[in-house]
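The values are calculated or read from the model by the stated rules, or taken from the named source; none is laboratory data. Being a predicted model, the structure only gives us computed values, none of them experimental. In this analysis, Cβ positions are derived from the backbone assuming ideal geometry, glycine residues included, and neighbour counts consider all displayed protein chains.
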Amino acid sequence: MTEREATIPPQHRLTRRGRSGRALGSLLAVALLLLLVRGRGLARLLPHAAVGVPVAARGVVVLSGAAGTVAPPLAASPTPDPASLVVPSTTAALPPNELGLIPILMYHTFLPASGSDWNRTPAAFRGDLEYLYAHGYYLTSMHQFVAGTLDIPPGKSPVILTFDDGAESQFRYLLRPDGTIAIDPDSAVGILEDMVARHPDFGHAGVFYVPPGLPFGDDDDKHDQRRFAGTKLAWLVAHGYELGNHTLHHANLANATDAQVRQEIAGGEDGLHRYVPGAPLETFALPYGAYPDHGDPTLLRHCTYQGHTYGYSAVLLVGAEAAPSPFDRRRDLFFTPRIRATDAELGKWFGEYLDRYPAVRYVSDGDPGIVTIPTTLTPALRDKLAPAQLGGRRLVRYGP
Ligand SMILES: [Zn+2]
């Protein structure tokens with residue numbers, strides 16, 4: 001990201017969609033939720049700096065505007081504070097802005113003991129989801145992001161959850177004494193399902209990038225999960241989740257030959273299809289975020305292997321920022337960035353940026369056929385609209 005400054009334009013309520021009358025109720029509900037989630041996950045990351053440090057002290061210019069501030073550069077990570085304050089929700093009356101940024105979060109394991117950048121404890125993941133819900137985010141599919149058909153309620157912001165590597169802690173079954181199975185409520189899928197059951201207005205989506213070797217199982221198979229690999233993959237597809245290719249062997253493609261790249265792509269896809277024949281695998285997550293250094297750069301978009309063709313509409317990286325809107329000229333789906341779900345990165349991107357300066361957020365107008373953006377855009381988004389990417393949708397601009 002080159003521009004990280006943002007002004008907050010004059011507020012425009014969504015009166016034409018009848019939102020404003022619900023503002024107070026929403027605010028109270030959100031305040032209650034924030035009290036409930038305080039001290040967990042994302043909610044506990046929000047730094048004192050979010051409200052405590054004068055903007056001038058950060059070396060940025062203060063402009064006039066509704067909130068009178070300019071977003072700071074994102075160079076510094078906030079200091080996580082376990083007992084931190086809670087930033088008030090920004091969602092009471094967010095005006096639509098479909099040119100704003102979209103966070104795509106990257107998760108790996110969900111083990112109770114923390115200690116790795118690749119692990120999110122179940123408690124922290126619950127906190128993340130509560131935070132996202134309270135701040136007006138809506139679980140959105142990768143398919144809609146790729147297609148530009150973001151079909152979410154007015155005033156909500158899309159967030160996409162991605163889960164790499166097919167770790168057992170993402171999706172574990174508990175075996176009951178009577179022989180039946182139940183989704184472990186402390187696995188990521190269990191936590192997600194509980195959250196969306198309690199909040200049907202949170203959306204219901206997530207995409208799993210699974211190497212086919214041992215989907216959602218461990219080598220030692222201590223929890224007797226290996227036999228459920230196919231059941232789990234089929235369950236995900238049947239319940240609206242998405243699957244994606246993550247190569248056959250979780251291969252680092254940096255030094256791979258074209259032949260090896262083809263083999264890894266084909267093996268990753270064919271391997272999953274042995275469990276779930278015909279399941280759509282629309283996108284590809286690069287292991288380690290490593291693109292092949294040499295060879296044919298188009299293989300991830302389209303290639304053939306042993307007479308079969310493989311192709312993906314997006315390639316996901318490992319880092320490290322929010323993704324541009326489908327209508328932003330900076331969008332390149334073959335270099336789609338993600339935000340790593342760690343305390344530092346989540347605190348930086350949500351507490352310090354998207355929720356502190358909501359004018360940079362993608363906010364839906366509720367109609368996938370219309371692209372609504374403010375006339376006065378925050379500097380981070382100014383001149384970023386690509387009319388050629390509207391794809392026949394009607395553009396509506398509003399404001400002074
Ligand atoms: Zn991976």
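Taking each residue of the stretch 230-253 that is β-branched (Val, Ile, Thr) and looking for partners that are assigned to a helix (DSSP H, G or I) and within 16 Å of the ligand (Cβ to nearest atom) with beta-carbon atoms closer than 8 Å, six or more apart or interchain, yields Thr247/Leu253; Thr247/Glu264; Thr247/Ile265; Thr247/Gly267; Thr247/Gly268; Thr247/Pro287. Scanning the stretch 195-230 for residues that are surrounded by 14 or more Cβ atoms within 10 Å (Cβ to Cβ) and either over 27 Å from the mean Cα position of the chain (by Cα) or away from the ligand (no atom under 16 Å from the Cβ) (or both) gives Met195, Val196, His199, Phe202, Gly203, His204, Ala205, His223, Gln225, Arg226, Phe228, Ala229. Picking from residues in the stretch 161-194 that are without any contact (Cβ under 8 Å) to a residue 60 or more places away in the chain and buried (at least 23 other Cβ atoms within 10 Å of the Cβ), the one that is farthest from Pro337 (Cα to Cα) is Tyr173. Here Tyr291 meets each of (1) in a loop (DSSP other than H, G, I, E, B); (2) at pLDDT 95 or above; (3) touching a Leu at 6+ places or on another chain (Cβ under 8 Å) with one exception, condition (2). His143 satisfies every condition listed in (1) outside any loop (DSSP other than H, G, I, E, B); (2) touching a residue at least 60 places away in the same chain (Cβ under 8 Å); (3) out of contact with any strand residue (DSSP E or B) (no Cβ under 9 Å at 6 or more places or on another chain); (4) not aromatic (Phe, Trp, Tyr) except (3). Among the candidates Asp151, Asp117, Asp128, the residue that is within 16 Å of the ligand (Cβ to nearest atom) and either surrounded by fewer than 19 Cβ atoms within 10 Å (Cβ to Cβ) or under 30 Å from Arg331 (Cβ atoms) (or both) is uniquely Asp117.
Of everything in the stretch 295-348, what is without any contact (Cβ under 8 Å) to a residue 12 or more places away in the chain and within 22 Å of Glu264 (Cα to Cα)? Give them in sequence order. The answer is Pro297, Thr298, His302, Gly307, Thr309, Gly311. Only a single item in (1) among the small types (Gly, Ala, Ser); (2) at pLDDT below 95; (3) surrounded by 13 or more Cβ atoms within 10 Å (Cβ to Cβ) is not met by Gly271, and it is number (2). Quick check on the stretch 107-127. Is at least one of its residues closer than 28 Å to Ile373 by Cα, at pLDDT 95 or above and in contact with a strand residue (DSSP E or B) (Cβ under 6 Å, 6 or more places away or on another chain)? Scanning the stretch 107-127 turns up no residue that is closer than 28 Å to Ile373 by Cα, at pLDDT 95 or above and in contact with a strand residue (DSSP E or B) (Cβ under 6 Å, 6 or more places away or on another chain). Using the structure shown, decide if Ile160 is of a type in the set (A, V, I, L, M, F, W, C), part of a strand (DSSP E or B) and away from the ligand (no atom under 16 Å from the Cβ). Taking the combined requirement at face value, the residue satisfies it. If you go through the stretch 231-285 and keep only what is within 16 Å of the ligand (Cβ to nearest atom), of a type outside the set (S, T, N, Q) and in a loop (DSSP other than H, G, I, E, B), you end up with His246, Leu248, His249, His250, Ala251, Ala256.
Of all residues in the stretch 286-313 being within 16 Å of the ligand (Cβ to nearest atom) and hydroxyl-bearing (Ser, Thr, Tyr), which is surrounded by the fewest Cβ atoms within 10 Å (Cβ to Cβ)? Among those residues, the one meeting the criterion is Tyr288. Of everything in the stretch 370-388 that is in contact with a Gly (Cβ under 7 Å, 6 or more places away or on another chain) and either small (Gly, Ala, Ser) or outside any strand (DSSP E or B) (or both), the residue that is surrounded by the fewest Cβ atoms within 10 Å (Cβ to Cβ) is Thr375.
Checking each residue in the stretch 164-184 for being of a type outside the set (S, T, N, Q), farther than 30 Å from Leu150 by Cβ and either within 16 Å of the ligand (Cβ to nearest atom) or assigned to a loop (DSSP other than H, G, I, E, B) (or both) picks out Glu168, Arg172, Arg176, Pro177, Asp178, Gly179, Asp184.
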